[in-house]
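Trainee: Pasting a structure here, questions to come.
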Amino acid sequence: MRFIHCISVMLAVCTLICTAVYAGGKSWYTTEKLAPEWKTGRSAQILDQQSAAALQEILKKNRAIWEKEKVRHDNSYSYTRSFQSWVGFGHSTKIKVAKGIVSERSVREYDREQKTTASFTEHTDKISTQGGGSPAKTMEELYEECAQTCLKQDSETNVLSLEFSAPGVLTGCSWRAKGCADDCTQGLSGISFTWEKEYQTVKNPSYGQVLIPFEDKNGLWGYKDNAGKIIISPRYFAAGEFSEHGIAPVGDKSGWKYIDTSGKTVIVPFIFDNGPDYFSEGLARFAENGKMGFFDETGKIIIPAQFDFVFPFSEGLAEFCNGCSKVYAGEHYTMEGGQWGKIDRWGKIVIPAGKRVQ
């Protein structure tokens, strides 16, 4: 549901959605501090000065998106990993995955004049029997390598980076020693990705109609039915998939909202991680008149807005605070002060408000 289509130029609306999982196309996150001019005029969203913990959280959220998207594409895709030294030689490896299993590995190695020095293709049980190139890994294995190796490097002595070509599609996870001049990047880099199977829409959704996002010539998004008839005219800079419950996240000049299949606004969510709040244990957050509450996957309010802040649900409980306030550190903030407690998924207070225990 969170695989959101978006034009690359966000205009003024970008100020509404600039934190973690980018709702558009390419996004890049790094622990390094970048010069302001380096971040302007790019087709990707770039967020610098991220902590290693923040990168792990971003990776985790994109992994959740990946797990949903691969089902819609029959878990069939291909990607190419490329490497080129600063002096010119390098190699590229194309991996094909069919229904979650690596089915083909093709390798090309070349010298500094770009002349091929080795080239071969392996299939099924012959995969990885020849040396050279990159290993035959599924996207799940790349995610694990990213989490367990790349992002666990010391961020005091290395620059850590994370890249996605679309929400859930990992195309870079690397580190390089600070001060290193050439061929320093290690980990996962130079990845290009393609789905091998067409997007599969939800069959027989409970709301009775399948709507598919589409982009017009002006870069705005709307929805068509399976017959190609326009049901909701292009008016959004971003348009998400309709869930099986018949609501979809969209973004326009007023910000993010969930709409029904007629285009009517159902609810305005809390803005988090560069877009509408994630559903956690079936509930997502919304804000109203300075207070926060929760709604379910149909857009129905389950817990009215009554708290100064709430965290997502985890193991059946959500932490809340009243009287707390935001304390900013750069672009990010924490909630401090006030009284803290926990509620269950019906809004009943199960741990009374008191001083927060870290």
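The values are calculated or read from the model by the stated rules, or taken from the named source; none is laboratory data. Predicted model, so just to flag it, every value in this text is computed and none were measured. Heads up, the Cβs are rebuilt from the backbone with ideal geometry, glycines too, and the neighbour counts pull from every protein chain shown. Surface accessibility is based on the protein's heavy atoms, side chains included, excluding ligands, DNA and RNA. Shrake-Rupley method; radii C 1.70, N 1.55, O 1.52, S 1.80 Å.
Trainee: Which residues, taken from region 314-343, are open to solvent by 80 Å² or more (accessible area, probe 1.4 Å) and farther than 22 Å from Ala54 by Cβ?
Mentor: Result: Glu315, Gln339.
Trainee: Show the residue pairs meeting these rules: Cβ distance below 7 Å; 6+ apart or different chains; first residue within region 104-118 and over 28 Å from Ser76 (Cβ atoms) and of a type outside the set (Asp, Glu); second residue surrounded by fewer than 11 Cβ atoms within 10 Å (Cβ to Cβ) and modelled with pLDDT of 90 or more.
Mentor: Once the first residue is over 28 Å from Ser76 (Cβ atoms) and of a type outside the set (Asp, Glu) and sits in region 104-118, its partners that are surrounded by fewer than 11 Cβ atoms within 10 Å (Cβ to Cβ) and modelled with pLDDT of 90 or more give Tyr110/Thr116.
Trainee: If I ask for residues that are more than 17 Å from Lys348 (Cα to Cα) and of a type in the set (A, V, I, L, M, F, W, C), which ones from region 278-302 would you list?
Mentor: Passing the criteria: Phe279, Phe286, Ala287.
Trainee: Of all residues in region 227-241 being in a loop (DSSP other than H, G, I, E, B) and either among the small types (Gly, Ala, Ser) or open to solvent by less than 10 Å² (accessible area, probe 1.4 Å) (or both), which is farthest from Glu215 (Cα to Cα)?
Mentor: Going through the qualifying residues, I end up with Ala227.
Trainee: Could you please find all residues in region 77-103 being without any contact (Cβ under 8 Å) to a residue 40 or more places away in the chain, touching a strand residue (DSSP E or B) at 6+ places or on another chain (Cβ under 7 Å) and among the basic types (Lys, Arg)?
Mentor: Lys94
Trainee: Please enumerate the residues belonging to region 293-313 that are exposed (fewer than 14 other Cβ atoms within 10 Å of the Cβ) and more than 25 Å from Ala248 (Cα to Cα).
Mentor: Passing the criteria: none in range.
Trainee: Can you tell me which condition Ser254 does not meet? The list is (1) open to solvent by less than 40 Å² (accessible area, probe 1.4 Å); (2) modelled with pLDDT under 90; (3) out of contact with any strand residue (DSSP E or B) (no Cβ under 8 Å at 6 or more places or on another chain); (4) among the small types (Gly, Ala, Ser), and all the others hold.
Mentor: (1)
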